[in-house]
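Here's the structure, in structure tokens; my notes come after.
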Amino acid sequence: MQKVNPRRKLRFLIVMACCSLKLFKFSSSASAVDSKDELSRKEYTYTYTINPDLSSEIMLTGKAFLIGETFVSSTVWATIGERAKITAHFTAPVTSSVSVVWQQKNKETDSWKDISSSGYSTVLSQMDDKGVMSAIVVIDKTKDSDVTDYRAQVEIASFKETTAVVKLESVKADIPEIPPVFEKDTVSFSVTINGPSKLLSVLLVHEDSGEEVPVDFSAVISSSPFELSHQMSAVYFSSQGLYYFKVTFGSGLKYETRKVELKVKRECKPLTTPPNTELKREDIIDSNNYKITVTCINNSFVIMDESLKEVICDTSTGTYNKTRLTPCLRTIEPTSD
């Protein structure tokens, strides 16, 4: 979305001595600019009357040029850690008469300050055949403190124009953690992205292998925030590792989300149930492993070996910490002689 705040000044010099001005009339009026393409150095004819209604009345005509119109985009998007570019367009009479100072708003004090040369660079373009020039400020590596308002003060000959405010926004994304899953399970990756309108491409990247999988966003609305998801079915141990989304917007801006880790667990082989027992499986709290515990089928039996009552499955390898489980033995009531 673009915002226009044209500042228009019709600059010309009329030198008169001992005369009164009756009428000043232009051939047409200026209209608001809605895009950079509408900017141009405009020429107007004018008439004015000196000493009206007197014998010395003189009517003169001449030409005036409309300069100093400015146009900026209301919002520019950037990626933290990457280069950002903000551009202001304006009309001018000649290149040699132009100088530009970019200003940045301090978010803590809400005051404007001139941008320093450290970490920033400015470029002033040549004038095109329509009398339009561009002033560009480049942020070498965007920081959180750079995400604020900007404006350009354009000095043309003897007057200054200040552009409308440009808000620099940084793309943000919320990508939830992925809970561990077992091999052959289904896993879903999701992300919510706040950024410029229109997505051009979205890829889910597996960092370990470098594999990039296209994410379908055909059903996603065309305005931010974008909610995206991608489902993987039948994951395997080789699927585990770090994943992130790589996004390209219609403006050409690229963005990569933070990385999330997918852990794929391996099941241990089924155990043979010892005689007179039942096996119970339980997840271990704060661990990806699980344990198998032996219980006797009823009160007529007791555990034979307490040290073999439980085994733990290490899901990172798919192996148990012990190779066997205890059976249960029938209790025999003592008999009196």
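The values are calculated or read from the model by the stated rules, or taken from the named source; none is laboratory data. Just so it is clear, the model here is predicted, and its values are computed rather than measured. Ideal geometry is used to build each Cβ from the backbone, glycine not excepted, and the neighbour counts take in all protein chains shown. When the accessible area is computed, the model is the full protein with side chains, heavy atoms only, and any ligands, DNA or RNA have been set aside. Shrake-Rupley method; radii C 1.70, N 1.55, O 1.52, S 1.80 Å.
Averaging the sequence gap over all C-alpha pairs within less than 8 Å and six or more residues apart, then dividing by the number of residues, gives region 168-310 a relative contact order of 23 percent.
Cα centroids of region 99-157 and region 298-337: 76 Å apart. Relative contact order of the chain, taken over Cα pairs closer than 8 Å and 6 or more residues apart, is 11 percent.
Based on protein heavy atoms only, the chain ends up with 59 Å² per residue of surface accessible to a 1.4 Å probe. Using R0 = 45 Å, the C-beta based FRET efficiency linking Phe237 and Ser197 works out to 0.65. A straight line joining the Cα centroids of region 56-74 and region 175-194 runs 62 Å.
Taking amide H as placed 1.01 Å from N in the peptide plane, the amide H of Val76 sits under 5 Å from that of Lys167, Leu168, Glu169, each at least 5 places away or on another chain. Summarising the label geometry, the points placed 7 Å from Cα in the beta-carbon direction at Thr319 and Ser300 lie 4.0 nm from one another.
Say R0 is 25 Å: what FRET efficiency, to the nearest 0.05, do Lys143 and Ser223 get from their beta-carbon distance? Efficiency for this residue pair is about 0.40. Computed with a 1.4 Å probe over protein heavy atoms only, the accessible area of Ser197 comes to about 80 Å². Under the classification rounded if a/c is under 1.5, otherwise prolate if a/b is larger than b/c and oblate if not, where does region 162-248 fall, given a ≥ b ≥ c as square roots of the Cα gyration tensor eigenvalues? Because a/c hits 1.5 or more and a/b exceeds b/c, region 162-248 counts as prolate. Subtracting the Cα-Cα distance of Ile178 and Ser116 from 0.36 nm times their residue separation leaves 18.0 nm of extension gain.
Out of [x] 80, 17, 16; [y] 33, 26, 19; [z] 72, 43, 14, which label holds the value of semi-axes √(5λ) of the Cα gyration tensor in Å that was computed here? Given [x] 80, 17, 16; [y] 33, 26, 19; [z] 72, 43, 14, the calculated one carries the label [x]. Note on exposure: Met304, Met59, Met133 ranked by accessible area (1.4 Å probe, complete protein assembly) read Met59, Met304, Met133, with the most exposed listed first.
Nonpolar atom fraction for the chain, defined as the carbon and sulfur part of the 1.4 Å probe accessible area, stands at 49 percent.
Placing R0 at 30 angstrom, the Cβ-Cβ distance between Lys160 and Thr75 gives a FRET efficiency of 0.80 after rounding to 0.05. Loop-located trypsin sites (Lys or Arg not before Pro) in region 102-171 (DSSP state other than H, G, I, E, B) with a sparse environment of at most 14 neighbouring Cβ atoms within 10 Å: Lys107, Lys130, Lys141, Lys143. With 31 Å as the limit, the listed pairs Lys36/Lys160; Lys160/Lys198; Lys160/Lys254; Lys113/Lys254 have Lys160/Lys198; Lys160/Lys254 beyond it between alpha carbons.
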